[in-house]
């Protein structure tokens, strides 16, 4: 397939059913991942608390032991499948998706023990969950900081591409920042202080922030947010997606 270089050529690509379906499938996966990540904390937290009477849990994984278990497992599996189906621009991005998929499935099917510290499990299943959770967040940060940006980092936020790259950067830094704070609480904070923090469900709120940062990056990548009304950025993404489908990228 000849690669589109102009607006006119891109219009022809859009008229090609195969090329158009490729573009829409990538946008659909990105938007679906973003929406799933956006909705998961809202369902577990506010919906669970105000509608089902479920207390806010110490972390999202603890919802496995509540009536919202099927929602938690289902969303994690769906995200894992979408990440597996999302073909990257190169081998590294493909492997990032594979690790993200495996870790999401690990979080879903290898639960933490009820009312337990993620670092203190009595079974291998619990430790697989803890490792899977860390790998999952790390892969999401890699997407935001390495795979998504197009080289427009800086304080200048005039063009849509600059604004989109700034969003990816903010997303990745937020995810890593939340992981860093969670690591401090899990590894360094004394048990007495950890008990106090758990009363305020700090791990849950930090996970919520990280998951929403992930959601924002994927919604921007899917042109659900910060899309250029003139089509400039959409065209740029379509070029890359068509290249990817033709085996060039």
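Could you list all residues from segment 147-169 that are surrounded by fewer than 16 Cβ atoms within 10 Å (Cβ to Cβ) and modelled with pLDDT of 95 or more?
The answer is none; no residue qualifies.
Of the residues 63, 127, only one is without any contact (Cβ under 8 Å) to a residue 12 or more places away in the chain and either within 26 Å of residue 186 (Cβ to Cβ) or in contact with a helix residue (DSSP H, G or I) (Cβ under 8 Å, 6 or more places away or on another chain) (or both); which?
Testing whether each residue is without any contact (Cβ under 8 Å) to a residue 12 or more places away in the chain and either within 26 Å of residue 186 (Cβ to Cβ) or in contact with a helix residue (DSSP H, G or I) (Cβ under 8 Å, 6 or more places away or on another chain) (or both) leaves just 127.
Just give me the residues in segment 189-224 being within 13 Å of residue 38 (Cβ to Cβ) and in a loop (DSSP other than H, G, I, E, B), in sequence order.
Across segment 189-224, the qualifying residues are 222, 224.
Kindly provide the set of residues from segment 77-124 that are free of Cβ contacts under 8 Å to residues at least 24 places away in the same chain and in a loop (DSSP other than H, G, I, E, B), ordered by number.
Hits for segment 77-124 are 110, 113, 116, 120, 121, 122, 123.
So residue 243 clears everything in (1) modelled with pLDDT of 85 or more; (2) surrounded by fewer than 18 Cβ atoms within 10 Å (Cβ to Cβ) except one condition, right? Which one?
Single failed check for residue 243: (1).
The values are calculated or read from the model by the stated rules, or taken from the named source; none is laboratory data. Quick caveat, the model's predicted, so the values are computed rather than measured. Here Cβ is always computed from backbone atoms with ideal geometry, including for glycine, and neighbour counts include all displayed protein chains.
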